[in-house]
Amino acid sequence: MSRPRPGKGPDLGRTGGGRPGAALAEVDGVAVRVAAGGTLLDAVRAAGAGLPALCHDDRLTPAGSCRTCLVEADGKVVAACVTPAADGVRITTGAAGLRELRREAVELIVSVLPPRALDGGAHGSELARTCHALGVGPQTARGAGGRGRDDSHPYVRLDRDLCIACGRCVRMCAEVQGTFALTLTGRGADTVVAPGTGGAWIDSDCVACGGCVDTCPTGALSEPGLPPGPRPPVTTTRTTCGYCGVGCALDVLTEGEDVVAVLPARDGPVNRGHACVKGRFAHAFRTSPERLTRPLLRRDGRLEPVSWDEALGHVARGLRAALAAGGPGAVAAISSARATNEENYLVQKFMRTVIGSNSVDNCSRLCHSPSAAGLTAAFGLAGGTDSFDDVERADCLLVAGANPADAHPVVGARLLRRVLGGARLVVADPRAVGLARHADVHLRPRPGTNVALFHGLAHVLLAEGLTDEGFLRERATGLPELAVLLAGYPPDRVEAITGVPAADVVAAARLYGRAGRPAILYGLGVTEHLHGTDGVRALANLAILRGAVGTGRGYGVNPLRGQNNVQGASDMGALPDLLPGYQKVTDPAARERAARVWGSEVPREPGLRIPEMFAAARSGALRALWIVGEDVCATDPDATRVAQALEACPLVVCHELFLSETARRADVVLPAASWLEKDGTFVNFDRRFQRVRPALDPPGEARADFAIVHALAGALGADLGCPTPAAALAECARVAPLFAGVSHERLDREGALHWPVPDPDGPGQARLYTERFATAGGRARLAARPYLPPGEEPDGDYPLVLVTGRRWAHYNSGGMTRRTGNLRLDGTDRLDLHPADAARYGLRDGDPVTVESRHGRARLVAHVGDETAPGQLFCAFHFPSSGVNTLTSANADTVTSCPEYKVTAVRLLIDSEPERYGAPSWEG
């Protein structure tokens, strides 16, 4: 169904109607050039002149309301921030009369504020500094105050007495974040910012990105413990966020061993001065009393603190015993998407050279392994086809199986800004959340029917001649086979399979097919299925049919990665069948290249995948399992069976920050450093290498995973080389041609690099396949994969379908975010259900409810709303005690073993007895 987009209108970037070309202006006798569309304020700043602008932020639409930036332009007094810089304009800023006008404007603003608004003077808020520069003293501030405070929120404080109603926070919330949570209320001098919903700030729609705090010029909005104005004398460390895979650049401000604040970097290549609640505020986990600071060893069934030597000695003996009993195949490792590239590289090197096994995997197995398989099969490389900077220039966005507003908030905000600026939007997702509320067409397929839906879109592209015939002829293969398959997916049949109205299928296909620069972004709603790889291939078909890959006539297919380094963990070879740089372990040339660098033979046979590791542990074949920073008992599917595997394995070693569900079952727990305490690099969702730098030392005896891996190797008498993270990445560059030009030195100099970077002196490749594809033959490959049903479907016993995912305030299993103020923002695992289902089961909002599948039970709290369709439920997995992943099945993608998290047949238990109803209608 086509939906209107609230706020649809002109581009919300800077307006002003400047001339098509750059303007040449003169500011106080100094000639400057201003970019097209620039303002007089831009010209003044280009000339190096100071000018107050209390209602202005370069990231926002100019308002011109405060009149503090008055200048004379060609003899007329105007507000510089809203006046276009015409070619040849002459600007005067320093005349005595102008200075007096600006002073009067500031005095008028200050007159209704209390004297403390000017606290700090030259070192205070933007307003205080402006007053200091203009000679406006505290005696001018004559406001009585008394308008009150709102301290309800853990991260944002509102002091109404300091609000000047400039509107910057309101515009920041609307234009940059896209939440529209704030408004101005009251009249005249009593006008203040307030949550748009009324009531307390914590109960509002605010998602705590911090943008309002950053832009506030007076301190009316502030971060607890961080005064407005220039930062105190602290140490600032530039690093990359350790939460989701967006890769936001952050400045960590520290004083001693304390974090004063974490601020988004204005020059961050992805976030551009923006952040989300997790990266900006959720760092209190670092000093949680639950933080692990000493190694733990299981004795007589209990984990007890021991020295590092004793813990490492126990692990070494256990590994030797496992090797003696079952050979290299008796040892396996699960590396970490939270660890740096260098740490993942070292783990896989340890397994291959010290243990002699390829049984190393990482959590991309559970989320984006179908992306790697599908994108490699279609185009040749296991990453998105384009940089996000290019994707953001698309005129039509197809967002499938993703809710970036919750899971990747900075990306979600940038996409929404693009949509509000005019780009068309098609969302394919069962839930009506996030960007779906702004879509031109929202396609709501039944869970598990993505492949049929994407084939329906492709059918329309072919039927209506919306394909790029030249591209298909010259740069693609497989069209005849695909055309035969697509003939069986007309919109009417697709509607019967997916529940999406045929008219919406046609409308969406036309939007995508007629766009000049279409782009596809997708998430776990595409991959985490029994046929997730087929879903990725079917999406890739759309881009290939349109010639929208490598041509500049579109921006391809791009996965949104969940964890901070899930892309990098796979890039570094923490996979059972691939060496660093996605070189196959079965390729003799790849093994020989690695062997030359490592000085050790590389095993020939692929190792165990994560599900196979657990099965081998339960059977007794796996005798040692090494888990680096993954809470598999909380995040992996069919969690009861995962716990059984850990209990059966003679040696389980775990690196962790806290005593997670997995760590509680380990034999040895090694305290690890967090992302704030690490040195190395991450790779974000658009293949961008970025530096990670330690802002603090790990607490107590905790160590970085890099140091732990070296120590384990040393306990076994092995030397892995690579004494520093920089040396490890340099060695990886020798092993993997894909990363030959990447180094710490270069990243420190250039900031970021998109792989491939095959040449130390050449650039990275933000856009792939501009000349040829990386497949054998150099052509993109269309895939004729038929729709196949999901592994579970609703029936009389289990009439509902459960989808799992993420919510905005938490991350993954919640190990970090539940130990911060985020718990006040979202304190329970909720079960989203439609009002019709709530009525059938007699449930009200806030009622406790038990969900049961064929695999387990979970206890949640009902949340009734229209985000889900009738017959469908949604919940997150941020609270392990709820047991959500005991519900999910062992069904997995037939190509990659990625679990089918997105389709689980369930029923609700009321008063401990199952209410049995027939399978609900999918209509209505």
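Please report, in whole Å, how far the alpha carbons of segment 491-590 spread along each principal axis, starting with the longest.
50, 33, 28
Say R0 is 56 Å: what FRET efficiency, to the nearest 0.05, do SER307 and ASP389 get from their beta-carbon distance?
Efficiency, rounded to the nearest 0.05: 0.70.
Expressed as a rounded percentage, what relative contact order does segment 608-734 have, with Cα pairs under 8 Å and six or more residues apart?
16 percent
Using only helices, what value at 222 nm comes out for the chain when you add -39,500 (n - 2.57) per DSSP H run of length 4 or more and divide by the total residues, to the nearest 500 deg cm²/dmol?
-7500 deg cm²/dmol
Would you tally the net charge around GLY470, using a Cβ to Cβ cut-off of less than 15 Å, leaving GLY470 out, and scoring K and R as +1, D and E as -1?
In short, +2.
Looking at segment 44-88, which trypsin sites (Lys or Arg not before Pro) are DSSP coil and have at most 16 other C-beta atoms within 10 Å of their C-beta?
none
Between ASP258 and ARG99, what FRET efficiency comes out of the Förster formula 1/(1 + (r/R0)^6) with R0 = 30 Å and r the beta carbon distance, rounded to 0.05?
E between ARG99 and ASP258, to the nearest 0.05, is 0.10.
Give the Kirkwood hydrodynamic radius (Å, one decimal) of segment 774-822, defined as one over the mean of 1/r across all pairs of different Cα atoms.
Hydrodynamic radius (Kirkwood, Cα pairs) of segment 774-822 is 16.2 Å.
Taking a spot 7 Å from the Cα of LEU716 along the direction of its beta carbon, which residues of segment 328-343 have an amide N less than 15 Å from it?
Answer for segment 328-343: 328-335.
Starting from the 7 Å offset along Cα-to-Cβ, what nm value, one decimal, do you get for the label separation of ALA707 and GLU290?
The two pseudo-label positions are separated by 2.5 nm.
Calculate the dipole size of segment 693-783 relative to its Cα centre from +1 charges on Lys and Arg beta carbons and -1 charges on Asp and Glu beta carbons; express the result in debye to the nearest 20.
Dipole about the Cα centre, nearest 20: 560 debye.
From the Cα gyration tensor of segment 752-804, with a ≥ b ≥ c the square roots of its eigenvalues, which class applies: rounded if a/c is under 1.5, or else prolate if a/b is larger than b/c, or else oblate?
oblate
Which distance in nm do the two modelled labels at ASP492 and ALA200 give, with both placed 7 Å along the Cα-to-Cβ direction?
Result: 5.7 nm between the two label points.
What ranking do 317-328, 110-121, 838-849, 387-398 get when scored by the average of other Cβ atoms within 10 Å per residue, highest first?
387-398, 110-121, 317-328, 838-849
How far is helix 610-619 tilted off the main Cα axis of the chain, in degrees rounded to 10, range 0 to 90?
For 610-619 against the chain, the angle is about 40 degrees.
D for segment 427-486, whole µm²/s, Stokes-Einstein with Kirkwood Rh over alpha-carbon pairs at 25 °C and 0.890 mPa s: what number?
183 µm²/s
Answer rounded, prolate or oblate for segment 123-232, using the Cα gyration tensor with square roots of eigenvalues a ≥ b ≥ c: rounded when a/c is under 1.5, else prolate when a/b is larger than b/c, else oblate.
In terms of gyration-tensor shape, prolate.
Rank TYR841, GLN872, GLY791 by how far each Cα sits towards the positive end of the charge dipole of segment 768-924 (+1 on Lys, Arg Cβ; -1 on Asp, Glu Cβ) and give me just the farthest.
Of the candidates, GLY791 comes out farthest on the positive side.
How big is the charge dipole of segment 512-629 about its Cα centre, in debye rounded to the nearest 20, if each Lys and Arg gets +1 on its Cβ and each Asp and Glu gets -1 on its Cβ?
380 debye
Looking at the chain, what % of its DSSP beta bridges pair antiparallel, to the nearest 5?
The answer is about 60 percent antiparallel.
Given a cut-off of 41 Å, what percent of all Cα-Cα pairs of the chain lie beyond it?
So the portion of pairs separated by more than 41 Å is 40 percent.
Do you know the relative contact order of segment 737-857, to the nearest whole percent, from alpha carbon pairs under 8 angstrom that are 6+ apart?
11 percent
What distance in nm separates the two pseudo spin-label positions at GLU647 and SER600, each 7 Å out from Cα along the beta-carbon direction?
For the pair GLU647/SER600, the computed spacing is 3.4 nm.
Can you compute the charge dipole magnitude of the chain about its Cα centre, using +1 on each Lys and Arg Cβ and -1 on each Asp and Glu Cβ, nothing else charged? Give it in debye, rounded to the nearest 20.
980 debye
For segment 825-909, what relative contact order do you get, as a whole percent, if you take Cα pairs closer than 8 Å and at least 6 residues apart?
Value for segment 825-909: 34 percent.
Among 646-659, 745-758, 275-288, how do they line up by average Cβ neighbours within 10 Å per residue, starting with the highest?
275-288, 646-659, 745-758
With the dipole of segment 568-673 worked out from charges on the C-beta (+1 for Lys and Arg, -1 for Asp and Glu) around the Cα centre, which of VAL602, SER619, MET572 lies farthest toward the positive end?
Of the listed residues, the answer is VAL602.
What does the convex hull of the alpha-carbon atoms of segment 614-704 project to on average, in nm²?
7.0 nm²
Which order do the peptides 660-671, 467-478 take when ranked by the mean count of other beta-carbon atoms within 10 Å per residue, highest first?
Result, highest mean first: 660-671, 467-478.
If you take every residue apart from LEU319 with its C-beta less than 13 Å away from the C-beta of LEU319, what net charge results, scoring Lys and Arg +1 and Asp and Glu -1?
+2
I'd like the FRET efficiency for GLU107 and ALA36, computed as 1/(1 + (r/R0)^6) with the beta carbon distance as r and R0 of 30 Å, rounded to 0.05.
My answer for the efficiency is 0.25.
Return the ratio Rg/(2.2 N^0.38 Å) for segment 50-178, where Rg is computed over Cα atoms only.
Segment 50-178 yields a ratio of 1.15.
Computed from the coordinates by the stated procedures, all read-outs in this text should not be read as laboratory data. Small disclaimer: the values here were computed from a predicted structure and weren't measured. With ideal geometry, Cβ positions are generated from the backbone for all residues, glycine too; neighbour counts draw on all protein chains shown.
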